[in-house]
Amino acid sequence: QVQLVESGGGLVQAGGSLNLSCTASGDIYNIVSLGWYRQVPGSVREIVAFITMAGTTHYIDSVKGRFTISKNIRHNAVYLRMNNLMPEDTGVYYCNLDSLTYKRYFWGQGTQVTVSS
């Protein structure tokens with residue numbers, strides 16, 4: 001079983017910044033990538049960014065240039081630096097990982113990000 005705990009969300013004004021953190025624990029082996037996802041009100045959960053073990057990063061177009069994903073694999077941790085936040089960034093942010101045997105079977109509670117105009 002894998003447990004995921006996200007933190008760092010909050011209420012900020014447009015243009016502000018937040019730093020999200022995630023720590024994974026449990027039966028974790030041979031990680032391939034770590035990622036951040038969000039669920040926007042009225043929509044389904046979507047990927048926001050992910051990072052491979054080699055450090056290659058990928059972002060959805062709407063956050064490119066504003067968000068930065070990073071990791072510390074020794075702590076089973078992944079982070080998301082969110083700059084120049086916009087109201088459309090509002091949502092519940094989740095972390096997860098892919099490994100040779102784990103394919104995001106479990107999800108944590110997420111952390112709420114609310115951006116006001």
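The values are calculated or read from the model by the stated rules, or taken from the named source; none is laboratory data. Bear in mind that the values here come from a model prediction, so they are computed numbers and not experimental data. Every residue, glycine among them, receives a Cβ derived from its backbone with ideal geometry; neighbour counts consider all protein chains shown. For accessibility, only protein heavy atoms count, side chains too; no ligands or nucleic acids. Shrake-Rupley method; radii C 1.70, N 1.55, O 1.52, S 1.80 Å.
Tabulated values for the structure
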| quantity | calculated |
| --- | --- |
| Only one of 80, 85 that is modelled with pLDDT of 95 or more, under 17 Å from residue 33 (Cβ atoms) and among the hydrophobic types (A, V, I, L, M, F, W, C) | 80 |
| Residue check, residue 21 of a type outside the set (Asp, Glu), closer than 21 Å to residue 112 by Cβ and more than 14 Å from the chain's Cα centre (by Cα) | no |
| Flag for residue 62 being open to solvent by 30 Å² or more (accessible area, probe 1.4 Å), among the small types (Gly, Ala, Ser) and under 12 Å from the mean Cα position of the chain (by Cα) | no |
| Residue 61 at pLDDT 95 or above and among the acidic types (Asp, Glu) | yes |
| So residue 52, is it free of Cβ contacts under 8 Å to residues at least 60 places away in the same chain, touching a Pro at 6+ places or on another chain (Cβ under 9 Å) and open to solvent by less than 40 Å² (accessible area, probe 1.4 Å) | no |
| Elements of type strands (runs of 3 or more DSSP E) contained in the range 65-111, each with 1 or more residues being in contact (Cβ under 8 Å) with a residue 40 or more places away in the chain, surrounded by 15 or more Cβ atoms within 10 Å (Cβ to Cβ) and touching a strand residue (DSSP E or B) at 6+ places or on another chain (Cβ under 9 Å) | 77-82, 91-99 |
